[in-house]
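Every number here is computed from the coordinates shown, using simple stated rules; none is lab data. Because the structure is a prediction, the values reported are computed rather than measured. Every residue, glycine as well, gets a Cβ built from its backbone with ideal geometry; the counts of neighbours run over all protein chains shown.
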Protein chains: 2
Amino acid sequence: MLDLDTLKDLAVETPSKIVLLVFDGLGGLPDLHTGKTELETARKPNLDRLADEGVCGFIDPVSPGITPGSGPGHLSLFGYDPVRYLVGRGVLEALGVDFDLKGGDVAARCNFCTVDVNGVVIDRRAGRIPTEKNAELCAKLRHIKIQGVEVFVLPGKEHRFAVIFRGKGLGGEVADTDPQKTGLSPKQAIALASGSAKMAAIVNDFVAKARTVLSDSHPANMILFRGISQRPNLPQMSDVFKLNPAAIATYPMYRGLARLVGMNILGTGTTFADELDTLAENWAHHDFFYIHLKYTDSAGEDGDFARKVRVIEEADAVLPKLIDLRPDVLVVTGDHSTPALLKGHSWHPVPILLHSQYCRTDQAKEFSEKACTVGGLGRIRGTDIMPLAMANALKLEKFGA
Amino acid sequence: MLDLDTLKDLAVETPSKIVLLVFDGLGGLPDLHTGKTELETARKPNLDRLADEGVCGFIDPVSPGITPGSGPGHLSLFGYDPVRYLVGRGVLEALGVDFDLKGGDVAARCNFCTVDVNGVVIDRRAGRIPTEKNAELCAKLRHIKIQGVEVFVLPGKEHRFAVIFRGKGLGGEVADTDPQKTGLSPKQAIALASGSAKMAAIVNDFVAKARTVLSDSHPANMILFRGISQRPNLPQMSDVFKLNPAAIATYPMYRGLARLVGMNILGTGTTFADELDTLAENWAHHDFFYIHLKYTDSAGEDGDFARKVRVIEEADAVLPKLIDLRPDVLVVTGDHSTPALLKGHSWHPVPILLHSQYCRTDQAKEFSEKACTVGGLGRIRGTDIMPLAMANALKLEKFGA
């Protein structure tokens with residue numbers, strides 16, 4: 001694809017509307033008995049009609065053979081090279097608890113752990129303490145003061161929590177303090193780049209104070225830092241694509257990823273129908289909508305083929321709420337495949353359909369992995385989606401004379 | 001594809017086994033009478049069944065429209081960007097005579113030529129002297145001593161031979177001494193980069209001494225240097241892909257290319273059946289096997305359509321020796337196309353089939369150019385093969401969180 005600076009020169013603001021509908025983990029693998037994937041098994045007349053009228057194909061969110069995490073998968077869909085624009089694990093963790101990261105913030109995902117009298121880690125997860133205990137200990141850690149830095153401590157589930165540091169001159173290039181196995185002491189935080197020396201010192205200061213605070217909280221008497229990373233400064237969609245973009249997602253991590261590229265986050269309920277109601281209510285106010293459906297991925301991760309089929313069928317049934325709004329361009333795809341057979345993200349290319357008045361339709365008569373192999377889009381990169389959607393919305397000018 | 005450093009971070013060692021079977025020059029063009037390519041004409045039930053069960057498509061070893069030499073074609077198959085990692089002609093020549101190049105070695109392909117009393121080249125190939133005469137003259141050249149440098153002189157066919165220089169501080173950026181046409185004197189060797197000045201001086205020293213040695217060997221009374229190049233320092237497959245790779249090839253050049261990326265070279269016979277016996281004997285000792293079949297290319301180069309068909313059929317007939325070993329991932333493709341119609345390498349994308357438990361099968365029911373156009377792999381780069389093979393062998397972790 002073109003670099004974002006060049007795309008920015010071509011993008012124009014128009015009244016046309018684009019909807020990017022992301023079924024998380026959409027792509028699948030055939031059931032061993034029926035030979036059909038989840039998408040091929042589902043009864044989904046609306047998606048099939050859109051595929052018939054539209055143009056289909058496959059995307060590689062990163063590149064062939066590469067299994068994307070949710071971060072790279074989504075950045076690619078949003079038009080950002082996922083290899084160039086990295087989102088660290090700590091940042092994702094903070095986004096996942098709906099924390100509104102500011103530019104320069106450094107985030108880490110942390111574990112409560114157990115150390116013996118010599119300071120040696122004997123349980124990296126502190127016996128998976130109850131989530132309520134976690135919240136109680138995080139409240140204690142919040143009393144820790146670090147000179148010149150604001151610290152946020154956010155409880156997660158069991159032994160997991162997130163810490164965010166806000167201040168001037170921080171850097172995200174700091175190695176984990178987690179020794180990765182028991183029988184070793186937690187490591188000192190070490191800066192991996194010169195600009196992160198201050199941050200490493202702050203982490204060490206925080207850990208030392210946490211150890212004191214937690215001294216009588218056995219088994220959760222120590223903490224480990226992992227995935228220390230700084231919020232990336234991504235070009236904003238309003239600037240690059242001249243869009244006024246909005247995100248509708250029931251899970252915080254996806255709202256967070258959308259926030260990183262400057263989308264306006266719309267409040268919504270918990271079901272896909274709720275999301276589409278939110279879409280309808282806000283239809284007049286934005287020209288780009290990203291809608292995220294989580295449950296296809298959750299079912300795939302659980303290895304529940306039938307549930308993934310059902311999620312697709314139920315989403316299809318309420319899809320007329322979206323179709324009736326008549327977006328100029330509708331893209332339906334996923335951020336990666338999550339075949340129930342593999343119980344996790346996979347490298348398989350993800351089916352995509354693009355529906356617009358100008359899309360040059362093809363021989364794909366339904367929305368499925370099989371049909372997409374004869375689709376007119378062929379096999380493209382995830383980062384090609386935004387330029388294609390923009391073009392079909394007549395929002396991209398000619399490149400060169 | 002991702003850069004090798006990123007791939008290296010994702011690669012994990014597992015017991016699963018990958019076989020990369022390369023039919024040299026596999027792709028073809030339709031016979032003018034039957035309208036079928038060599039692959040479409042051949043009776044090959046085993047390859048067809050693998051294609052039916054697997055996923056098919058096309059690769060461009062370099063990029064669309066580019067006809068690859070054997071070096072770039074193979075580096076691409078091995079996962080190395082063939083534009084970034086160049087293998088010089090002299091290096092290929094040395095590999096082609098099975099010379100074990102070490103890091104830093106500089107190799108050249110040379111001609112015996114004829115010069116007149118004024119030193120002007122009157123025959124660039126010395127009348128294509130007999131190969132036995134060549135060997136005899138190379139034995140003489142071996143007596144030449146160069147201060148601080150070890151010199152290897154390896155006879156080839158007719159007027160061709162190879163020279164390898166081994167020593168400290170050599171460089172491969174030296175222009176040819178071949179004037180390219182008769183009526184001119186051989187050129188002085190000139191360094192094209194500052195680090196190659198010593199090398200240029202050594203070449204000139206060697207040529208001057210060779211002229212003396214050959215003074216009474218008319219018509220082979222002088223030599224020309226071409227394709228001077230240094231052995232590239234390629235990242236090793238064991239390091240990048242965490243594989244313990246082995247190569248099975250009857251032709252030395254392909255063993256040499258495999259050696260450059262760190263494969264263990266297995267001794268083998270001369271037929272494809274011999275190669276598959278070697279595979280079976282070494283099955284327990286490696287997790288990656290590259291197998292090279294030369295004769296498809298040779299038949300294509302000779303413009304012998306029927307022989308290329310026969311080579312494919314004969315290979316297919318012994319393929320059960322390989323299939324019965326049940327590799328976790330089997331890839332069958334070529335390093336380029338060699339249509340009998342063109343009597344040489346061509347730019348046409350090369351059919352590929354990938355067979356694994358997790359490959360997401362497609363509508364390609366046989367292995368042919370026609371079937372590959374509806375294959376689920378679409379049209380990918382040669383460098384995508386290794387990530388895809390690794391992914392299908394469950395040897396690649398997720399990229400990003």
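Quick check: net charge around A:Pro61, other residues with Cβ under 15 Å of its Cβ, Lys/Arg +1 and Asp/Glu -1?
Result for the local shell: -3.
Looking at the protein assembly as shown, what % of its DSSP beta bridges pair antiparallel, to the nearest 5?
On the way: 70 of 117 bridges.
Restricted to the protein assembly as shown, the bridges split so that about 60 percent are antiparallel.
Do me a favour and compute the ellipsoid semi-axes for chain A from its Cα gyration tensor, root of five times each eigenvalue, largest one first, whole Å.
So the three semi-axes of chain A are 41, 24, 18 Å.
Can you give me the span-like helices of chain A, meaning DSSP H runs with 20 Å or more of Cα extent along the axis and Kyte-Doolittle mean at or above 1.0? Walk me through the intermediate numbers first.
On the way: long enough: A:197-213 (24 Å, 0.64); A:305-318 (21 Å, 0.14).
Passing helices, by number: none.
Could you pull out the trypsin sites (Lys or Arg not before Pro) across segment B:231-325 that fall in loop regions by DSSP (anything but H, G, I, E, B) with no more than 10 other Cβ atoms inside 10 Å?
none
Would you list, by chain and number, the aspartates and glutamates whose Cα falls below 16 Å from the Cα of B:Lys157, excluding same-chain residues fewer than 8 positions away?
Cross-link targets: B:Glu93, B:Asp98, B:Glu132, B:Glu136.
Taking each label point as 7 Å beyond Cα in the direction of the beta carbon, state the distances from A:Lys343 to the same residue in the other copies, shortest first, in nm.
Label-point distances to the other copies, shortest first: 6.0 nm.
What lysines sit close enough to B:Lys8 to cross-link, taking a C-alpha to C-alpha distance under 23 Å and skipping anything fewer than 8 places away on the same chain?
A:Lys181, B:Lys17, B:Lys242, B:Lys395, B:Lys398
Quick one: compute the contact order of chain B, relative version, from alpha carbon pairs under 8 angstrom and 6+ residues apart, as a percent.
34
Measure off 7 Å from each Cα along the Cα-to-Cβ vector at B:Lys370 and B:Arg84, then give the distance between these two points in nanometres to one decimal.
So the label points at B:Lys370 and B:Arg84 sit 4.0 nm apart.
Quick one: A:Glu93, B:Glu38, A:Glu313, A:Glu281, fewest Cβ neighbours within 10 Å first, how do they rank?
Sorted ascending by nearby Cβ count, the order is A:Glu281, A:Glu313, A:Glu93, B:Glu38.
Can you list the residues of segment B:160-193 with backbone N under 17 Å from a point 7 Å past the Cα of B:Ala208, pointing along Cα to Cβ?
What the label zone holds, given the 17 Å backbone N cut-off, is B:177, B:186-191.
Can you tell me which lysines have their Cα less than 16 Å from the Cα of A:Lys44? Leave out same-chain residues fewer than eight positions away.
Once the sequence-local lysines are set aside, what remains near A:Lys44 is A:Lys36, A:Lys308, A:Lys321, A:Lys365, A:Lys370.
Sum up the charges of everything whose Cβ sits under 14 Å from the Cβ of B:Leu325, counting Lys and Arg as +1 and Asp and Glu as -1, but leave B:Leu325 out. Present the calculation step by step, with values, prior to reporting the outcome.
Details: positive: B:Lys17, B:Lys321, B:Arg326; negative: B:Glu275, B:Asp277, B:Glu281, B:Asp287, B:Asp324, B:Asp328.
Here the charged neighbours net out to -3.
Rounded to whole Å and sorted largest first, what semi-axes of the equivalent ellipsoid does the C-alpha gyration tensor of segment B:92-230 yield via the square root of 5 times each eigenvalue?
So the three semi-axes of segment B:92-230 are 22, 17, 13 Å.
What ratio of Cα Rg to 2.2 N^0.38 Å holds for segment B:111-187?
It is 1.20.
Between the label point of A:Gly267 and that of the same position in each other copy, find the distances and list them shortest first in nm, with every label point placed 7 Å from Cα along the Cα-to-C-beta direction.
Taking the point 7 Å beyond Cα along Cα→Cβ, the inter-copy spacings are 7.9 nm.
Only bridges whose two residues both fall in chain B count here: according to DSSP, what percent of them are antiparallel, nearest 5?
60
Taking amide H atoms as placed 1.01 Å from N in the peptide plane, list the residues 5 or more away in sequence, or in a different chain, whose amide H sits under 5 Å from that of B:Ser185.
Answer set, sorted by chain and number: B:Val121.
Okay, helix-only estimate at 222 nm for chain B: each DSSP H run of n ≥ 4 adds -39500 (n - 2.57), divide by all residues, round to 500 deg cm²/dmol; what do you get?
About -8500 deg cm²/dmol.
With the calculation restricted to Cα positions, what are the radius of gyration and Dmax of the protein assembly as shown in angstrom?
Radius of gyration, then largest Cα-Cα span, for the protein assembly as shown: 31.0, 98 Å.
Averaged over peptide A:372-381, how many Cβ atoms belonging to another chain are found within 10 Å of each residue's Cβ?
3
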